Amino acid sequence: MKKKSVLLISFLVTFALIFSGCSSTSNTSDENTNEVDASGKEIITLKLAAAHPPTHSIPSVLIEPFMERVTELTEGQVEFDYYPAEQLGKAADLLNLAKDGATDIAYYASPYYPSQMPISSNLMGMPGLFEDTYEGTMAFHTISQQSPILDEDFLSNGVRPIATYVTPTYDFYTKDKQIKLPKDLEGMQVRAPGGVQTKLLEFLGATPVTVTTPEMYEAFDKGVINTLYAAPTSIQDFKLNELIGYGTNGASYGSGAVGLVISEKKWQQLPENVKEAINQAGTEVTEAHAKHILDENQKAMDSWSSDGITLHELSSVEKEEWIKVAQEFNDQWIEEQNSEAFEKAVEILQAEVKKFQD
């Protein structure tokens, strides 16, 4: 009996050692699940969450080319798990998803975050700061990489900007009244995008009416609003050109900044070659997309003449009046912000815009 007990104990000890070894091997394997490429570099998979469906120009001309370019520049070291069309969350939630690590890269729209992005959300909607989407995009992309915007609007939210799109500047469109001067908007019911642009419409004497972009067609058709305040590309995308009769061309009254951000925590974990590839790809697609939208904006306006739409090209005297009113509003708006950082951001944006006008 004693001999049997010794044998049993020996068996149990041996079994425990074998099981322990297997368990240790299994755990080690689980911790090293990342693949490596032919050169032995670790394959890095980044999760990217976006708001628009793949058919929209932002994914097809900005986001998808960005992913392809990063993969190309890293020779396949970086791959992407792509979630378009709000698959990981609503558009207004994506910034926080990147901040919290639920995604590595996310689409953002600064007007959605007036408290989290106090400079960007209030800056790009100001009128007359630039004339077209190319100037605005390239200037904002540059200054978003530096203080105060980088610190105040991005790093404070645990993210870093990597690609940018500033929407085409907004003009005013009506069914049967021609707008030539700012005073022509007095008493008009104008679609208000929100934030600084709603304040601008009030300053102009108009009645701002909050209408989301998808609701614009029905609201304009039924007379809930009698003036559209939007970019030509939005007018075209939502078939509002079927309803408008007149529009301004060259008011350049505000815009909005959107783009891609990466989790700062993830950024600090990436090797230098991947960081360089992301920065390079981000700048390349930012410029390519800006040029594409500039062309699309012009094509939309060119096509409207055959639809019987009259676009009023502002004369030099009329343009000066729009600029004068814009400056009056901007001075008041800057004072209301009561922020040295905001005032500095306005100054560096204007200086950067001039570089892209030369």
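General remarks:
- Test for Thr164: is it closer than 20 Å to Lys355 by Cα and either open to solvent by less than 30 Å² (accessible area, probe 1.4 Å) or touching a helix residue (DSSP H, G or I) at 6+ places or on another chain (Cβ under 6 Å) (or both): yes
- Just one of the listed residues (Leu129, Leu181) is hydrophobic (A, V, I, L, M, F, W, C), open to solvent by 10 Å² or more (accessible area, probe 1.4 Å) and under 18 Å from Leu311 (Cα atoms), and it is Leu181.
- Residues in segment 235-272 that are free of Cβ contacts under 8 Å to residues at least 60 places away in the same chain and under 27 Å from Thr137 (Cα atoms): Asp237, Phe238, Lys239, Gln268, Glu272.
- Flag for Tyr108 being assigned to a strand (DSSP E or B) and touching a residue at least 60 places away in the same chain (Cβ under 8 Å): yes
- Elements of the type helices (runs of 4 or more DSSP H) sitting completely within segment 268-358 and holding at least 2 residues that are of a type in the set (Phe, Trp, Tyr): these cover 316-337, 340-357.
- If you go through segment 292-306 and keep only what is open to solvent by 60 Å² or more (accessible area, probe 1.4 Å) and among the polar types (S, T, N, Q), you end up with Gln298, Ser305, Ser306.
- Some residue of segment 56-78 being β-branched (Val, Ile, Thr) and open to solvent by 20 Å² or more (accessible area, probe 1.4 Å): yes
- If the condition is being of a type in the set (Val, Ile, Thr), at pLDDT below 95 and not in a helix (DSSP H, G or I), then segment 50-105 contributes only Thr55.
- From Lys47, Lys41, residue being at pLDDT below 95, open to solvent by 30 Å² or more (accessible area, probe 1.4 Å) and over 16 Å from the mean Cα position of the chain (by Cα): Lys41
- When residues of segment 106-126 are limited to those that are under 17 Å from Lys344 (Cα atoms) and open to solvent by 10 Å² or more (accessible area, probe 1.4 Å), the one nearest to the chain's Cα centre (by Cα): Ser121
- Of Ile323, Ile309, all but one fail to be in contact (Cβ under 8 Å) with a residue 24 or more places away in the chain, over 22 Å from the mean Cα position of the chain (by Cα), within 25 Å of Thr233 (Cβ to Cβ) and open to solvent by 50 Å² or more (accessible area, probe 1.4 Å); the exception is Ile323.
- The residues on offer are Glu135, Glu131, and the sole one that is closer than 30 Å to Gln350 by Cβ and in a loop (DSSP other than H, G, I, E, B) is Glu131.
The values are calculated or read from the model by the stated rules, or taken from the named source; none is laboratory data. Predicted, not measured: the structure shown is a model, and the values here were computed from it. In this analysis, Cβ positions are derived from the backbone assuming ideal geometry, glycine residues included, and neighbour counts consider all displayed protein chains. Side chains are part of the model used for accessible areas, which takes the heavy atoms of the whole protein and leaves out ligands, DNA and RNA. Shrake-Rupley method; radii C 1.70, N 1.55, O 1.52, S 1.80 Å.
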